[in-house]
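Bear in mind that the values in this text are calculations on the coordinates, not laboratory data. What you see is a predicted model, and the numbers here were worked out from it, not measured in a lab. Cβ coordinates were reconstructed from backbone atoms using ideal geometry, including for glycine residues, and neighbour counts include every protein chain displayed.
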Amino acid sequence: MKGQDILSEIASTSSGEFYTPLPRGYKPGKTKYVVVTGSVISGVGKGTISSSLSKLLQDRGMKVEPIKLEAYLNVDSGTLNPFRHGEVFVLEDGSETDLDLGTYERALDKNLRGENFVTSGKIYQRIIEKERAGKYLGRDVQFIPHVTGEIKLELRNLAMKTKADVIVIEIGGTVGDYENMFALEALRELRYEEGSENVCFINITYILEPNSLGEQKSKAAQLGIKRLLAMGIQPGVIVCRSQTKLKESIREKMSLYLNIARENVFGVHDVSNIYGLPLVLRKKGFDEAILHELGIEKRFKTNGNKELRAWSKKTSVQGRATAVTIGIAGKYTGTADTYISILKALEHCSFKLNRPVNVKWIETTGLEKKRKKLKESMKGIEGVIVPGGFGVRGIEGKIAVARYCREKNLPYLGLCLGFQIALIEFARNVLHLKGANSTEFEPKTKHPVVCLLPEQRKIEGLGGSMRLGGRDVELKKGTIASKLHGNAKKIRRRFRHRFECNPEYIQAFEEKGIVFSGKAPKVPIMQILELPKHRFMMAMQYHPEFTSRPLRADELFLEFVRKAVGK
Ligand code: GLN
């Protein structure tokens, strides 16, 4: 039976055993689905491979929509601690998501929406709302078919809404986690219902190579993938990640024991430049194999690898220029994921300027008390970024760093919180407003130069929420910000904040030399500040790092790095 027949049959049965709500007018086969799962261990590049694959399919002229199915029960990533889970990535529509969405946006160079990110919490919330509204008509609501049905609906809605040729579904975690069992079951059902020609499973696994043995061992990978088989899921393609090149004998084993054609077992050992990965995968025949599984390799042909080659060249640093060292005044916790978009935005600058960027972490806690320690921490640093953040810890140290940059004419780029820090510092040391602060850190401060947004004040009692997502920023003619954006009147950037520059202090700031070169249309919310006399002192209430793209570095980041280089 073909997908269409299976779906019609399900739709016509009245016994209610099935629960497969379909979007109106949905036809299987119009959109293909590629499901990417991981096995053995997490963190071996499932996201990178999924986004590279998305890029490869896009390169063939396909309309690609990625979707990440995250297992956790949070409805979105907004409440997650970035030091534990990595950065919260904000989309244009204001959705707070996992950092993987940033990886996709950068690879595909397109804006994604909330529908591209689905957590278990979001699914359960929807189900409970429906149940309370009596939508299940007296049925007991069950994991199967209701949770799985809701997951499938989410995917098909995305397919209908976007008219995508292919949806690349990345499942968070690894096969065998309890948390993602229902997602996997939903996708097994999806393949059954859509027809095997319309859904292809890929598994990213890891081949161990213990030092003590000095050879590759595939048992863990086999067992990991066998769990998929036990769930009724046959992967069509697998990627074996490994430290060294995949041995032919391992490929054979994986093929034989897991029912996968040998040519569909791909080895990807550690590559240094992830931007080159799409081209590496293309040359191995990776996307070709997947499209072959889906029967569309003839419909979406490659037009040579010219564009991929150009991309991979433009996303690397050519020549041998010495690196520029940028300090980030944030908490480094051993994982770069907390500030991943900032690191990427710097990388984008390094491509454009052909100059490697080194990052040095500046631990700010207690820094304000020791002038000597501050000086020491700034050694070798050619420009400082004060990134976004919440809460009072390390704030005084950051203010000390901002002061150091202003007084020593050292390039300073303040992002969101970094904008507020620059204001506080300036208020204290130039306007001489003793104890000036943000009400976030000192609710009773005599000089609340940064305070709650008026719109936030109203809703604060209700738990509050943030000013989130894409907003217009009006640029003031003749300012540095305006010039750097090609004299544009307006740009659009992404926000995530609750506090702002207190409008009552705007005039005082301006009188002493701060230029507010970007502001919100109609309301007095200041969004970019600059100090024209400084080598480079700029800060913004938005997050430029979220919209910086590999071949389109953010203009202000770029100028910051340029100034740090001293050119
Ligand atoms: N804590 C500040 C605010 O809420 C800054 C937020 C941020 O840096 N994202 O306004």
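Within the chain, antiparallel bridges make up roughly 35 percent of the DSSP beta bridges whose residues both belong there.
For the listed residue pairs LYS398/LYS490; LYS360/LYS408; LYS55/LYS298; LYS372/LYS446; LYS27/LYS130, the alpha carbons are over 22 angstrom apart in LYS398/LYS490; LYS372/LYS446; LYS27/LYS130.
Quick check on my link table: of LYS63/LYS476; LYS2/LYS161; LYS314/LYS563; LYS306/LYS489, which ones sit more than 28 Å apart, alpha carbon to alpha carbon? Write down the numbers at each step before the final one.
Values: LYS63/LYS476 38 Å; LYS2/LYS161 23 Å; LYS314/LYS563 22 Å; LYS306/LYS489 36 Å.
Flagged as over cut-off: LYS63/LYS476; LYS306/LYS489.
Counting alpha carbon pairs within less than 8 Å and at least 6 residues apart, what relative contact order, in whole percent, applies to the chain? Don't skip to the answer; put the middle values down first.
On the way: 1089 pairs, mean separation 77.8, N = 567.
This gives 14 percent for the chain.
Over every Cα atom in segment 259-374, the radius of gyration and the widest Cα-Cα span, Dmax, amount to 20.7, 67 Å.
Remark on segment 1-99: hydrodynamic radius 17.2 angstrom, per the Kirkwood mean of 1/r across alpha carbon pairs. Annotation: aspartates and glutamates with alpha-carbon distance below 15 angstrom to LYS135 (same-chain offsets under eight excluded): GLU150.
When only alpha carbons of the chain are considered, Rg and Dmax amount to 25.8, 78 Å. For segment 98-192, the spread of Cα coordinates along the three principal axes comes to 46, 31, 26 Å, biggest extent given first. When the alpha carbon gyration tensor of segment 217-306 is reduced to an equivalent ellipsoid, its three semi-axes come out at 23, 18, 10 angstrom, largest first. Can you classify segment 432-561 as rounded, prolate or oblate using the Cα gyration tensor, where a ≥ b ≥ c are the square roots of its eigenvalues, rounded means a/c under 1.5, and otherwise it's prolate if a/b beats b/c and oblate if not? Cα axes put segment 432-561 in the oblate bin.
With the simple spin-label model, which puts each label point 7 Å out from Cα in the Cβ direction, the ALA323 to LYS2 separation comes to 5.7 nm.
Rg/Rh for segment 312-369 to two decimals, with Rh computed the Kirkwood way over all alpha-carbon pairs. The partial results should precede the final answer.
Details: Rg = 13.5 Å, Rh = 12.7 Å.
Rg/Rh: 1.06.
Each residue of segment 447-453 is assigned a 3J(HN,Hα), and the resulting list reads 10, x, 6, 10, 8, 4, 5 Hz, derived from the Karplus form 6.51 cos²θ - 1.76 cosθ + 1.60 (θ = phi - 60°), x at Gly and Pro.
Residues with amide H under 5 Å of ILE169's amide H, sequence separation 5 or more or different chain, H placed in the peptide plane at 1.01 Å from N; which? Distant-sequence amide H within range of ILE169: VAL34, VAL35, VAL36, ILE67. Packing, taken as the mean count of other beta carbons within 10 Å per residue, orders the peptides 19-32, 312-325 from highest to lowest as 19-32, 312-325.
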